[in-house]
Amino acid sequence: MGYQNVLVTVAVAPDSHRLVEKAVSIVRPHAGNITLLSTLANPEMYNNFAGPMLGDLRTLMEEETRLFMEELRQRAGYPIADMLIVHGELGDSLEYASRSRPFDLLLCGNHRDGMMNKVSCSAARFINISHIDVLIVPL
């Protein structure tokens, strides 16, 4: 049995292209669906320090992320079913997305270099409460 509904966590970074390629290779044989998810940190703390000179940082961050995700969609060579941009922590975002859609695989990358960081990733909370498979790709 292959995976039919894959959720891929992406960031505005070149490594995200590798994650999308991996997702496509997993779902293509089974004509599955791919959803991209990107989380944004709440920029309010930056606005408090930088003041009004930065304007609406949240809108700028969302637009940059949306444009990058659209680039991922165009370069995927496979239809991307949906793109989600959510604010907050990765674990909360994954839990929210998995409640709203029937995913059977979460695919995320690990950018950390230290040994302890490789053992514990930012998706660990989701892994502990989830009932779906999780594939962590070293980047």
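Looking only at residues that are free of Cβ contacts under 8 Å to residues at least 12 places away in the same chain and part of a loop (DSSP other than H, G, I, E, B) in the range 55-78, which one is most open to solvent (accessible area, probe 1.4 Å)? Don't jump to the end; show me each part of the working.
Of the residues in the range 55-78, the ones free of Cβ contacts under 8 Å to residues at least 12 places away in the same chain are 55-56, 59-60, 63, 67, 71, 74.
Now restrict to residues that are part of a loop (DSSP other than H, G, I, E, B): 55-56.
Numbers: GLY55: 42, ASP56: 88 Å².
So the residue we want is ASP56.
Taking ARG73, is it modelled with pLDDT under 80 and closer than 15 Å to VAL12 by Cβ? Judged against the criteria, ARG73 is not a match. Residue count for the range 32-70, restricted to those that are at pLDDT below 95, among the aliphatic types (A, V, I, L, M), within 18 Å of the chain's Cα centre (by Cα) and farther than 21 Å from SER100 by Cβ: 2.
Is it fair to say GLY91 is of a type in the set (Gly, Ala, Ser), free of Cβ contacts under 8 Å to residues at least 60 places away in the same chain, open to solvent by less than 40 Å² (accessible area, probe 1.4 Å) and out of contact with any strand residue (DSSP E or B) (no Cβ under 9 Å at 6 or more places or on another chain)? Can you show your working first?
Numbers: of a type in the set (Gly, Ala, Ser): yes; free of Cβ contacts under 8 Å to residues at least 60 places away in the same chain: yes; open to solvent by less than 40 Å² (accessible area, probe 1.4 Å): yes; out of contact with any strand residue (DSSP E or B) (no Cβ under 9 Å at 6 or more places or on another chain): yes.
Yes, satisfied.
Scanning the range 19-34 for residues that are surrounded by fewer than 21 Cβ atoms within 10 Å (Cβ to Cβ) and under 20 Å from ASN110 (Cβ atoms) turns up GLU21, LYS22, VAL24, SER25, ILE26. The set of residues in the range 1-18 that are part of a loop (DSSP other than H, G, I, E, B) and buried (at least 23 other Cβ atoms within 10 Å of the Cβ) contains only VAL10.
The values are calculated or read from the model by the stated rules, or taken from the named source; none is laboratory data. It should be emphasised that the depicted structure is a prediction, and the values quoted were computed from it without experimental measurement. When we count neighbours, we look across all protein chains shown, and the Cβ atoms used for this are built from the backbone with ideal geometry, even at glycine. Areas reflect the complete protein model, heavy atoms only, side chains present, ligands, DNA and RNA absent. Shrake-Rupley method; radii C 1.70, N 1.55, O 1.52, S 1.80 Å.
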